[in-house]
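Peer 1: Handing you this structure, nothing more for now.
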Amino acid sequence: MTDKKIVLSGMRPTGKLHLGNFHGALKNWVSLQNNYNCFFFVADLHSLTTAYQQTENLAANSHDMLIDWLTAGLDPQKCTIFIQSDVPEVSELNTLLGMITPLGWLLRNPTYKEQLQELFKQKYAGQLDEKSLGEKLASIAGDEEISCFGFLGYPVLMATDILIQQASFVPVGKDQTAHLEIARDLMRRFEQIYGQQVFTEPKPLYTAVARVPGIDGRKMSKSYNNAISLGEDLDSVRKKVMTMFTDPNKKKATDPANPEGCVVYAFHKIYNPQAAKRCEECKAGALGCVACKKELFALMEPELTSFAARRKEIENDSAQLTQIVKAGKERARANAADTLSKVKKVMRITK
Ligand code: TRP
């Protein structure tokens, strides 16, 4: 395991995961663990950058997410699974890297600007009309609730996660590109300032992943109430599949329809090797939605059944989960401590 390159990725703890998370990221992690020395962690500190006022479910959400990682097939014999806040070296290096991070990099970060606006809109949704929202947006940086130091520093913490474990590859979505670029820039800046390089250059690993829509056709999200969760029971999933959004112009089974935008078709593309054929049949009016949905459910059933069983098994063995997280913490800490001590030597803050 040790001579393999390091892959690292994290997810903020949102609680139980859904099929969008599975097909969009987790499935890829599961396959990476066979070829790399993988570190996967629950980014609980990152969730505090926005949700610092709602910490009551943080630990439970981390726990639920870990169960789903194992359900999906992450294997603690093959990869290191840990919780970010279990590794205090991360917070220490975060402080040190913060010292060399130019403020402009953070203020210019497009993700920061977008998220700030998004949070602002959420906060004032329904309270302000468009015009006053616009006026308020101008004073966004002064909002005491949203505009916090930690939130601005999100990319520094993320760079720390990556650099401290010496990751060569970071599997992330395209939305994380700007953050990863800051990690790479910080790595270079460290060398420029202190004349020595202690970090491995991290590269993004974009993998073509399936985009899974929610059952109503919008992005799959717990907050939209359109998600199918990983361990969801079969009856509930069957009902959801039967109500999936389809081409509204198709009224009868024999009406020809357009499968683009049809949720059932998006799922067939993932679960059915015959998806292209079904697409043609649908266009020709030779396939009704009910039959199409039934076939889809039958294709999903084996995976769902094994997820549900595995989830139950893991849920019932909390001692095993505790052990996995403890072992992960030890491995992650040892690797992090190694990097941190080099950094402190190079920065001359240890003798
Ligand atoms: N920002 C990532 C996300 O929201 C989560 C994350 C935190 C992460 N630290 C990381 C991902 C380090 C990869 C590497 O998806």
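The values are calculated or read from the model by the stated rules, or taken from the named source; none is laboratory data. These numbers were taken from a predicted model, which means no experiment stands behind them. Neighbour counts are summed over all protein chains in view; Cβ atoms, including those assigned to glycine, are modelled from backbone coordinates with ideal geometry. Side chains are part of the model used for accessible areas, which takes the heavy atoms of the whole protein and leaves out ligands, DNA and RNA. Shrake-Rupley method; radii C 1.70, N 1.55, O 1.52, S 1.80 Å.
Peer 1: Past the 26 Å Cα-Cα mark, which pairs from Lys121/Lys329; Lys240/Lys277; Lys113/Lys342; Lys222/Lys294; Lys27/Lys121? Intermediate values should be presented prior to the final figure.
Peer 2: On the way: Lys121/Lys329 37 Å; Lys240/Lys277 23 Å; Lys113/Lys342 34 Å; Lys222/Lys294 24 Å; Lys27/Lys121 33 Å.
Cα-Cα > 26 Å for Lys121/Lys329; Lys113/Lys342; Lys27/Lys121; rest within.
Peer 1: Then there's this: Scale the Cα Rg of the chain by the rule-of-thumb value 2.2 N^0.38 Å and send over the ratio, two decimals.
Peer 2: 1.12
Peer 1: Further, regarding this structure: Quickly estimate the mean residue ellipticity at 222 nm for the chain, helices only: each DSSP H run with n ≥ 4 gives -39500 (n - 2.57), and the total goes over all residues, rounded to 500. Working shown, then result.
Peer 2: On the way: 15 runs with 187 residues, N = 351.
Result for the chain: -16500 deg cm²/dmol, rounded to the nearest 500.
Peer 1: Quote to one decimal, in nm, the extra length available between Asp185 and Lys252 on full extension: 0.36 nm per residue of separation minus the C-alpha distance between them. The partial results should precede the final answer.
Peer 2: Working: separation 67, 0.36 × 67 = 24.12 nm, distance 5.70 nm.
Computed gain between Asp185 and Lys252 is 18.4 nm.
Peer 1: Follow-up question, since we're still on this one. Provide Trp105, Trp29 ordered by accessible surface of protein heavy atoms (probe 1.4 Å), highest first.
Peer 2: Details: Trp105 60, Trp29 5 Å².
Greatest to least solvent exposure: Trp105, Trp29.
Peer 1: To the nearest 0.05, what FRET efficiency results for Thr55 and Glu114 with a Förster distance of 22 Å applied to their C-beta separation? List each step's numbers first, then the result.
Peer 2: Working: r = 24 Å, r/R0 = 1.11.
Between Thr55 and Glu114 the formula returns 0.35.
Peer 1: Could you work out the relative contact order of the chain, using alpha carbon pairs under 8 angstrom and six or more residues apart, expressed as a whole percent?
Peer 2: Working: 485 pairs, mean separation 76.7, N = 351.
Once normalised by length, the contact order is 22 percent.
Peer 1: Need one number: % antiparallel among DSSP beta bridges in the chain, to the nearest 5.
Peer 2: On the way: 2 of 17 bridges.
Taking every DSSP beta bridge with both residues in the chain, the antiparallel ones total about 10 percent.
Peer 1: Okay, moving on. Which FRET efficiency value, to the nearest 0.05, do you get for Leu133 and Gln77 by plugging their Cβ-Cβ distance into 1/(1 + (r/R0)^6) with R0 = 56 Å? Each step should come with its number before you reach the end.
Peer 2: On the way: r = 51 Å, r/R0 = 0.92.
Here the calculated transfer efficiency is 0.65.
Peer 1: Mind pulling the angle between the C-alpha long axis of helix 110-124 and the longest principal axis of the chain? Nearest 10 degrees, somewhere in 0 to 90.
Peer 2: Roughly 70 degrees between the two axes.
Peer 1: Shifting gears a bit: Where the centroid of each part is defined by its Cα atoms, how far is the range 132-185 from the range 259-278 in Å?
Peer 2: Here the two parts' Cα centres lie 36 Å apart.
Peer 1: Right, another one. Taking only Cα atoms and a 10 Å spring cutoff, compute GNM fluctuations for the chain and point out the largest among Asp68, Asp129, Asp44.
Peer 2: Asp129
Peer 1: What is the P(r) of the range 229-351, as percent of Cα-Cα pairs per 10 Å bin from 0?
Peer 2: Result, from short to long distances: 12, 27, 17, 13, 13, 11, 5, 1 percent.
Peer 1: Next question, about the same structure. Taking R0 as 22 Å, what's the FRET efficiency between Lys312 and Lys123 from their Cβ-Cβ distance, rounded to 0.05?
Peer 2: Working from the Cβ atoms, E equals 0.05.
Peer 1: On a straight-distance basis, which aspartates and glutamates could pair with Lys344 in a cross-link, Cα separation under 14 angstrom, same-chain partners fewer than 8 positions away excluded?
Peer 2: The reachable aspartates and glutamates, counting only those whose Cα sits under 14 Å from Lys344, are Glu89, Glu92, Glu191.
Peer 1: Rounding to the nearest 20 debye, state how big the charge dipole of the range 73-219 is about its Cα centre with +1 on each Lys and Arg Cβ and -1 on each Asp and Glu Cβ. Write out the running numbers ahead of the final one.
Peer 2: Details: 15 positive and 19 negative charges, 97 e Å.
Taking the Cα centre of the range 73-219 as origin, the dipole is about 460 debye.
Peer 1: Oh, and also: Using a 1.4 Å probe over the heavy atoms of the protein chains, calculate the carbon and sulfur portion of the accessible area of the chain as a whole percent.
Peer 2: Values: 9260 of 17660 Å².
After summing per-atom areas, the C and S share lands at 52 percent.
Peer 1: I'd like the accessible area for Ser223, computed on protein heavy atoms only with a 1.4 Å probe and all protein chains in place. Round to 10 Å², please.
Peer 2: Roll a 1.4 Å probe over it and Ser223 shows about 100 Å².
Peer 1: Sequence neighbours fewer than 8 away in the same chain don't count; with that in mind, list the aspartates and glutamates whose C-alpha is under 19 Å from Lys250.
Peer 2: Qualifying aspartates and glutamates at Cα under 19 Å: Asp216, Glu260, Glu280, Glu281, Glu295.
Peer 1: Given a 1.4 angstrom probe, what's the average accessible area per residue across the chain, in square angstrom?
Peer 2: Details: 17660 Å² over 351 residues.
So the chain comes to 50 Å² accessible per residue, rounded to a whole number.
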